[in-house]
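These notes concern the structure reproduced below.
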Amino acid sequence: MSKEEVFQKVRGKDEAVLHCIENGDDDIQMITSSTTLTNSEVNYCFRKLEEIGLIQVQKQDGMVERVVDGTTQVFEAPKAAELTPLGDDYLENYSSESSQSFDANGREELAERVADLEKDVEELKSAFEVFKRQVNEKLSQ
């Protein structure tokens, strides 16, 4: 498989994971904490990126202690990844600019979408109350 074919297989989520690894967030827990990706999404990205040769994944031995949601927790060390030379090449030469603004733009879009959904829920609640009142009126006749 050519380098271009490998690079075409990289999705936005994969690229976000690559950038996290590049910035030092190199294990699954760190990546899920610094992105909107779930644990299973990061696991899938790890498998895929390792399969196409952009990262190397190692299972760390022992336990790690981290602060999660304000409490110190000890758990089994998560899988960690490091970029391969091909992964470095991808980030240096093929990475899209959109992923570098993923956090800012992604959060803005999510906040806007959440506001729209909250408005929709309020409209549905109001319509349901009207419907409920109409049903009660019909039943009491």
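The values are calculated or read from the model by the stated rules, or taken from the named source; none is laboratory data. Just so it is clear, the structure is predicted and the values come from calculations on it, not from any experiment. Please note: Cβ atoms are built from the backbone with ideal geometry, for glycine as well, and neighbour counts cover all protein chains shown.
If only residues of segment 58-72 that are surrounded by 12 or more Cβ atoms within 10 Å (Cβ to Cβ) and part of a strand (DSSP E or B) are counted, the one that is modelled with the highest pLDDT is Gln58. Note on segment 73-94: among residues that are touching a helix residue (DSSP H, G or I) at 6+ places or on another chain (Cβ under 6 Å) and not in a helix (DSSP H, G or I), the one that is nearest to Phe7 (Cα to Cα) is Tyr94. Just to be sure, is Arg66 over 16 Å from Glu82 (Cβ atoms), out of contact with any Asp or Glu (no Cβ under 7 Å at 6 or more places or on another chain) and not small (Gly, Ala, Ser)? So Arg66 passes the test.
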